[in-house]
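Undergrad: Can you read through this structure? Questions will come right after.
The values are calculated or read from the model by the stated rules, or taken from the named source; none is laboratory data. Being a predicted model, the structure only gives us computed values, none of them experimental. Backbone-built Cβ (ideal geometry, glycine too); neighbour counts: all protein chains shown. Ligands, DNA and RNA are excluded from the accessible area calculation, which covers all protein heavy atoms including side chains. Shrake-Rupley method; radii C 1.70, N 1.55, O 1.52, S 1.80 Å.
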Amino acid sequence: MNTTGEQSTPAELNSIEGFYFDTSIALSADVPESVLGEALARCEAYEKLLSRFAPGSDVWRINHAEGRPVTVAGDTLRILSCAEEMRRASGGAFNAAVGSILELWDFSGNTTVVPAEAALEEARARMEAAELDIEGNEVCIAQGTTLDLGGIAKGYICDRVADYLRESGARCGILNFGGNVATIGSHPQGRPWQVGIQTPSAERNQSVFAVVESSDNSVITSGVYERAFVLDGRVYHHILDPRSCFPSTSTIISATIVLRDGMVADALATALLILGVEQGFSLAQSYGAQALVMDAHGQVSATKGFPLLG
Ligand code: ADP
Ligand code: MG
């Protein structure tokens, strides 16, 4: 309600699109286009800092240090500390050192090869033995272990880019990092933002099975329907259960977390897919998050109070 008697006019949004983290990015906010351009430039900088595939990135240097300590940026430290906490909280279902196993798989769809059991076992032993050692701004991981921040970094970056837009004067905006959404304020018309959750079986952006209301929150969805291959009737997708070294076998095919902190939400969404509803919901609730899932039979369930539209 406007108690000052001033006429408030709906904000005008500008939009920009880009492609980072192997994902289409769309940013809209009531800021000048130059600010959105700077926001995209920051995405590029974060990719160079955090991708395990970018030579010279913090994660690349940790993975190639052969066990020696590596000095990293504050952003990297914050993500690694959170990843470590999420590993403990999820009983190992979320594990950023899963890169050791991921690199044996190819979920690009170009090949349909299941890695040899012996190789997976060996990688699992390395992953389990690897303690992430963080001291000051130095990080060290056992030789032969590979970190991969794909399950958490986008949530963190989305938060930082939203913060930058807020600092630049944004009162309303929506950032979509391919299923990782952060909202700034409310929709220009005063209602909450509405975030559609993609129906897993549908073509990208063709159909939604739920609409989430969000103001100044993150809405983060992990699904097993993208980045996958099919072999002998079985779907092999990119979210690995570190305990089996195989794609997670919980019946969940889409997991959404709503929480202000997008980094925690991102890790929780990945963990929820692996842990299943019972454990995954209680983990999410222990962080004050709301959760929504669809299972392989199309059944939808959510935590009490989940902000569904309608
Ligand atoms: P999205 O593909 O939308 O980013 P997620 O946030 O669930 O979906 O992240 C999936 C990515 O997380 C994988 O591509 C991989 O990089 C990483 N990952 C896969 N399994 C795990 C796991 N058990 N723990 C932590 N990260 C994982
Ligand atoms: Mg995630």
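Undergrad: Report the accessible area of Y287, computed with a 1.4 Å probe over the heavy atoms of all protein chains in place, in Å² rounded to the nearest 10.
TA: Its accessible surface works out to 60 Å², give or take rounding.
Undergrad: Okay, moving on. Using the scaling law 2.2 N^0.38 Å as the reference, what is the normalised Cα Rg of the range 184-310?
TA: In units of the 2.2 N^0.38 Å rule of thumb, it is 1.06.
Undergrad: Tell me the carbon and sulfur percent of the accessible area for the range 200-310, rounded to whole percent, probe radius 1.4 Å.
TA: Working: 2380 of 4940 Å².
Accessible surface attributable to carbon and sulfur in the range 200-310 totals 48 percent.
Undergrad: Here's something else I'd like to know. Write down the radius of gyration of the range 154-202 and its Dmax, each obtained from C-alpha positions, in Å.
TA: Both quantities, over Cα of the range 154-202: 12.0, 39 Å.
Undergrad: Could I ask something else about it? Tally Lys/Arg at +1 and Asp/Glu at -1 over every other residue whose Cβ is under 13 Å from the Cβ of Q279; what's the total? List each step's numbers first, then the result.
TA: On the way: positive: R243; negative: D241, E278.
Once all neighbours under 13 Å are counted, the net charge is -1.
Undergrad: Using the Cβ atoms and a cut-off under 14 Å, what net charge is assigned to the surroundings of L77, where Lys and Arg are +1 and Asp and Glu are -1?
TA: Overall, the nearby charge balance is -4.
Undergrad: Could you tell me what fraction of 2.2 N^0.38 Å the Cα radius of gyration of the chain comes to, as a two-decimal ratio? Write out the running numbers ahead of the final one.
TA: On the way: Rg = 19.7 Å, N = 310, 2.2 N^0.38 = 19.5 Å.
Relative to the 2.2 N^0.38 Å estimate, the chain comes out at 1.01.
Undergrad: Once a ≥ b ≥ c are taken as the square roots of the eigenvalues of the Cα gyration tensor of the range 51-140, is the result rounded (a/c under 1.5), prolate (a/b larger than b/c) or oblate (a/b not larger than b/c)?
TA: prolate
Undergrad: So, one more: Just the number please: accessible area per residue for the range 101-166, 1.4 Å probe, all protein chains included, in Å². Kindly include the intermediate steps, with their values, before the conclusion.
TA: Details: 3020 Å² over 66 residues.
Each residue of the range 101-166 exposes 46 Å² on average to a 1.4 Å probe.
Undergrad: Determine the relative contact order of the range 51-140: mean sequence separation of Cα pairs under 8 Å and six or more apart, normalised by residue count, in whole percent. All intermediate terms of the calculation are to be shown ahead of the outcome.
TA: Details: 74 pairs, mean separation 29.4, N = 90.
Rounded, it is 33 percent for the range 51-140.
Undergrad: Once both axes come from the Cα atoms, what is the angle between helix 277-286 and the longest principal axis of the chain, in degrees from 0 to 90, rounded to 10?
TA: 60
Undergrad: Around D216, what is the net charge, scoring Lys/Arg as +1 and Asp/Glu as -1 over all other residues with Cβ under 10 Å from its Cβ?
TA: Combined, the nearby Lys, Arg, Asp and Glu give +2.
Undergrad: Moving on. Note down the magnitude of the dipole of the range 51-140 about its Cα centre, charges +1 on Lys and Arg C-beta and -1 on Asp and Glu C-beta and zero elsewhere, to the nearest 20 debye.
TA: It comes to approximately 180 debye.
Undergrad: Taking the chain as the reference, fit the longest principal axis to its C-alpha atoms, fit the long axis of helix 74-89 to the helix C-alpha atoms, and give the angle between the two in degrees, 0 to 90, nearest 10.
TA: 70
Undergrad: May I pose another question? Counting only heavy atoms of protein chains, what accessible area per residue, in Å², does the range 211-257 have with a probe of 1.4 Å? Please list the in-between numbers first.
TA: Values: 1750 Å² over 47 residues.
Ligands and nucleic acids excluded, the figure is 37 Å² per residue.
Undergrad: Accessible area of the range 51-140 with a 1.4 Å probe: how many percent of it is carbon plus sulfur?
TA: Roughly 48 percent, rounded to a whole number.
Undergrad: Collect residues whose amide H, placed 1.01 Å from N in the peptide plane, falls under 5 Å from the amide H of G196; neighbours closer than 5 in sequence don't count.
TA: Under 5 Å from the amide H of G196: V212.
Undergrad: If you line up the long axis of helix 153-167 against the longest principal axis of the chain, both from Cα atoms, how many degrees apart are they, to the nearest 10?
TA: 30
Undergrad: Just want to confirm a number: the relative contact order over the chain, from Cα pairs under 8 angstrom separated by 6+ residues, in percent.
TA: 17
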